[in-house]
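Novice: One structure follows; several queries about it will come next.
The values are calculated or read from the model by the stated rules, or taken from the named source; none is laboratory data. Quick caveat: nothing in here was measured; it's all calculated off a predicted structure. Heads up, the Cβs are rebuilt from the backbone with ideal geometry, glycines too, and the neighbour counts pull from every protein chain shown.
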Amino acid sequence: MGSVLTMQSSEKPVVKNSEMLADGLGHVVSSGEVEYFDGTSGFLAEPEAEGVYPGVIMIHEWWGLNDGIKDTAVQLASKGYVVLAVDLYDGKVAATPQEARNLTSSLDKERAVANMRAAASYLRSEHGAPKVASLGWCFGGGQSMQLALSDEEVDATVIYYGSLVTDEEALSSIEQPVLGIFGGNDTSIPVSTVMEFDSALDSVGVENEIYIYDGVGHAFANPSGMNYAPDETRDAWLKTVAFLERHLKSGA
């Protein structure tokens, strides 16, 4: 079972995630667009070296599949994963909050789940991924939650400050471990809801790790936003990589 850990915040100069998270280690990565669902293309990043790698479905924020998500896909692929960054907006990318709200409000929820399930199938069938996880931020964190509740058999779920489900009956269908990353000052996903989520997961026996970063708000891992917290972003990324390593590679 998981226990909620509250992480203390600190202030540091803002840097780009692509610069901050790169450690110069790992695989050389190739990347490009691939069609994986009903005429929809996503961004695939994978190690150039031949081998069998676990898969990760990466789910964008409410902005859409932009360069920041693509850069993060490359960073994760360098750790030995085939990463498919899905596109739930069919090619649209928002430039303003209002555009992003319009895209999320018009989302076909059933099609979005079908999109992510197709991504899982693509990673397994086209790349031989023995295990598959989902990872999303904000809007994408909520979609990672929805994929976890679908019939898709994923092996791990990562949710960065996404909309949560706290109903125990619904959560009891989850069989894979869950990692949750949240901000202590997030008014969109308040700490009280995170605590309820953690308690419900524990109650129904879902393995989980929940972290709440004290003093940071919603979308703290987005370098283009006002709430960006680089130290917390780095720490959360290290926890994410370690979580995926344990559940996608151990015993594989």
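Novice: Could you give me the residue pairs with C-beta distances under 8 Å whose first residue belongs to segment 201-221 and is on the phi < 0 side of the Ramachandran plot, whose second residue is among the polar types (S, T, N, Q) and buried (at least 20 other Cβ atoms within 10 Å of the Cβ) wherever it lies, and which are 6+ apart or on separate chains?
Specialist: Leu201/Asn208; Asp202/Asn208; Phe220/Thr233; Ala221/Asn17; Ala221/Thr233
Novice: Of all residues in segment 225-244 being of a type in the set (Gly, Ala, Ser) and assigned to a loop (DSSP other than H, G, I, E, B), which is surrounded by the most Cβ atoms within 10 Å (Cβ to Cβ)?
Specialist: Ala229
Novice: For Gln176, only one of the following conditions fails: (1) in contact with a helix residue (DSSP H, G or I) (Cβ under 6 Å, 6 or more places away or on another chain); (2) within 27 Å of Tyr122 (Cβ to Cβ). What is its number?
Specialist: (1)
Novice: Another question about this same structure. Please specify each residue of segment 76-120 satisfying the condition of being touching a residue at least 24 places away in the same chain (Cβ under 8 Å) and of a type in the set (S, T, N, Q).
Specialist: Across segment 76-120, the qualifying residues are Ser78, Thr104, Asn115.
Novice: Inside segment 234-252, can you point out the residues that are at pLDDT 95 or above and over 13 Å from the mean Cα position of the chain (by Cα)?
Specialist: Of everything in segment 234-252, those that are at pLDDT 95 or above and over 13 Å from the mean Cα position of the chain (by Cα) turn out to be Arg234, Asp235, Leu238, Ala242, Glu245, Arg246, His247, Leu248, Lys249.
Novice: Just to be sure I understand, how many residues within segment 157-171 are surrounded by fewer than 23 Cβ atoms within 10 Å (Cβ to Cβ) and either among the β-branched types (Val, Ile, Thr) or under 21 Å from Glu245 (Cβ atoms) (or both)?
Specialist: Looking only at that region, the number is 2.
Novice: While we're on this one: Let me confirm something: among Glu50, Glu99, Glu46, which residue is closer than 24 Å to Gln176 by Cα and acidic (Asp, Glu)?
Specialist: Glu46
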